[in-house]
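See below for the structure under consideration.
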Amino acid sequence: MKVYTEAFTFKTRGPIDLIDITDNVQKIVTKSQIKNGIAHIFAPHATGIVILTENEPNLLDDIRNLLEKLVPEKGDYGHPSNAHAHLRSVLLPPDKTIPIIDGRLALGTWQSIMFVETDIYPRTRTIIVTVMGE
Ligand code: ZN
């Protein structure tokens, strides 16, 4: 079995910005030359989430609204300044594992890999992709 790891970075625009990272991940899978196995996609951040969803603007607004409803910006929080950002981030995991078949991420037709910024400022974010297989 072969293991290939590569990271990439990108900028976000602030609270609940959603960034489609599918192409970045597929490029790394292609570069790994691994044809069959799995890709693990991980965001090493305390205020960031990785989701699989349809990249459709109205749906992305629905996701923003859902996170705002589940964890409002103002609340009786203990952590200074950005507690809601951390709490939104603990609701959903910072990683995904996706099968690779014939060198391609085996995503469904409407599945895109998206990073969700939950922090209160624009940030530079990192995604670590680990490709395992043969
Ligand atoms: Zn904090």
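The values are calculated or read from the model by the stated rules, or taken from the named source; none is laboratory data. The model shown is predicted, which means the values in this text are computed figures rather than measured ones. In this analysis, Cβ positions are derived from the backbone assuming ideal geometry, glycine residues included, and neighbour counts consider all displayed protein chains.
Set side by side, the residues Lys27, Lys69 differ, and just one is in a helix (DSSP H, G or I), away from the ligand (no atom under 16 Å from the Cβ) and either surrounded by fewer than 13 Cβ atoms within 10 Å (Cβ to Cβ) or modelled with pLDDT under 95 (or both), which is Lys69.
The residues in region 30-59 that are surrounded by fewer than 18 Cβ atoms within 10 Å (Cβ to Cβ), of a type in the set (Gly, Ala, Ser) and touching a Lys or Arg at 6+ places or on another chain (Cβ under 9 Å) can be counted, and the count is 0. Looking for something among the aromatic types (Phe, Trp, Tyr), over 18 Å from Asp17 (Cβ atoms) and in contact with an Asp or Glu (Cβ under 7 Å, 6 or more places away or on another chain) - is there at least one such residue anywhere in region 97-115? Within region 97-115, one or more residues are among the aromatic types (Phe, Trp, Tyr), over 18 Å from Asp17 (Cβ atoms) and in contact with an Asp or Glu (Cβ under 7 Å, 6 or more places away or on another chain).
For a quick check of your reading of the model, give me the residue pairs whose first member lies in region 78-100 and is touching a residue at least 40 places away in the same chain (Cβ under 8 Å) and closer than 20 Å to Thr53 by Cβ, whose second is within 16 Å of the ligand (Cβ to nearest atom) and in a strand (DSSP E or B), with beta-carbon atoms closer than 7 Å and at least 6 apart or on different chains. Between residues of region 78-100 that are touching a residue at least 40 places away in the same chain (Cβ under 8 Å) and closer than 20 Å to Thr53 by Cβ and residues that are within 16 Å of the ligand (Cβ to nearest atom) and in a strand (DSSP E or B), the close pairs are Ser89/Gly48; Ser89/Ile49; Leu92/Ile49; Pro94/Gly48; Pro94/Ile49.
In region 45-62, of all residues being more than 16 Å from the ligand (Cβ to nearest atom), outside any loop (DSSP other than H, G, I, E, B) and in contact with a strand residue (DSSP E or B) (Cβ under 7 Å, 6 or more places away or on another chain), the one that is farthest from Pro93 (Cα to Cα) corresponds to Leu59. Quickly run through region 77-112 and pick out the residues that are more than 16 Å from the ligand (Cβ to nearest atom) and either assigned to a loop (DSSP other than H, G, I, E, B) or closer than 18 Å to Leu60 by Cα (or both). Result: Leu92, Pro93, Asp102, Gly103, Ala106, Leu107, Gly108, Thr109, Trp110, Gln111, Ser112.
Can you pull out every residue in region 114-134 that is assigned to a strand (DSSP E or B) and farther than 15 Å from Thr12 by Cβ? Ile128, Val129, Thr130, Val131, Met132, Gly133, listed by residue number. Inside region 1-20, residues that are part of a strand (DSSP E or B) and β-branched (Val, Ile, Thr) make up a count of 4.
If you check Arg64, Arg88 for being touching a helix residue (DSSP H, G or I) at 6+ places or on another chain (Cβ under 7 Å), surrounded by 13 or more Cβ atoms within 10 Å (Cβ to Cβ) and basic (Lys, Arg), only one passes: Arg88.
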